[in-house]
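K.L.:
Okay, handing you the structure first.
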Amino acid sequence: MIPTYNGKDKIIKTIEALEQQTYKKFETIVVVDGSTDGTADFLRNQDLDLNSFMIHEQDNQGRSGVRNSGAGLAKGKVLVFYDDDMIPVTGSIQMHYHFHQSHRNSICGGNPIENKNEATTDFDKFRCFLRE
């Protein structure tokens, strides 16, 4: 599930990373939370290679509201949240799936990997340094 607010210029990298996942049997739900930048239309016009893809548009409800909406739409037993600026590694879905197979009713978290090549500000470069 990917919540987004005005994420048109960044969400495509998240979607492309999901297309490259080693585990393919998952649904992708993008909840567009009152965006005014055309995010939903942009995504509808992409030729995506995903097993199941849904775009849900709603009035802006903020972080918790958008996540609750997406969770309510999900059909699967394991729910994975990605922010619209995250780029999951190719085995991310598979790792979550296997973790939940052996640790039922649990919560699994991770630390996003920063792309040093895209760090433009001193703050971004410092954040990359810290996460290494």
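The values are calculated or read from the model by the stated rules, or taken from the named source; none is laboratory data. What you see is a predicted model, and the numbers here were worked out from it, not measured in a lab. Note: ideal-geometry Cβ built from the backbone for every residue, glycine included; neighbour counts use all protein chains shown. We work out accessible area using only protein heavy atoms, side chains counted, and drop any ligands, DNA or RNA first. Shrake-Rupley method; radii C 1.70, N 1.55, O 1.52, S 1.80 Å.
K.L.:
For each pair in LYS25/LYS77; LYS24/LYS75; LYS25/LYS116, compute the distance between the two Cα atoms and list the pairs where it is over 23 Å.
P.N.:
LYS25/LYS116
K.L.:
Is it possible to state the helix-based mean residue ellipticity at 222 nm for the chain, with each DSSP H run of 4+ residues giving -39500 (n - 2.57), the sum divided by total residues, to the nearest 500 deg cm²/dmol? What is it?
P.N.:
Calculated mean residue ellipticity at 222 nm is -10500 deg cm²/dmol.
K.L.:
Set the Förster radius R0 to 25 Å, insert the Cβ-Cβ distance between ASP37 and ALA119 as r into 1/(1 + (r/R0)^6), and round the FRET efficiency to 0.05.
P.N.:
Efficiency computed from Cβ-Cβ geometry: 0.60.
K.L.:
Let me make sure I get this right: for segment 57-113, a, b and c are the square roots of the gyration tensor eigenvalues over alpha carbons, sorted descending. Under 1.5 in a/c it's rounded, otherwise prolate if a/b > b/c, else oblate. Which is it?
P.N.:
Verdict is oblate for segment 57-113.
K.L.:
Can you give me the C-alpha center-to-center distance between segment 56-132 and segment 1-54, rounded to a whole angstrom?
P.N.:
Answer, in whole Å: 13.
K.L.:
Right, here's the next one. If you compute P(r) over Cα pairs in 10 Å bins from 0, in percent for the structure shown, which of (i) 12, 40, 36, 12, 0; (ii) 11, 33, 32, 19, 5, 0; (iii) 11, 33, 28, 18, 9, 1 do you land on?
P.N.:
(i)
K.L.:
Please calculate the 1.4 Å probe accessible area of SER92, with all protein chains present, and give it to the nearest 10 Å².
P.N.:
Counting only protein heavy atoms, SER92 exposes about 10 Å² to solvent.
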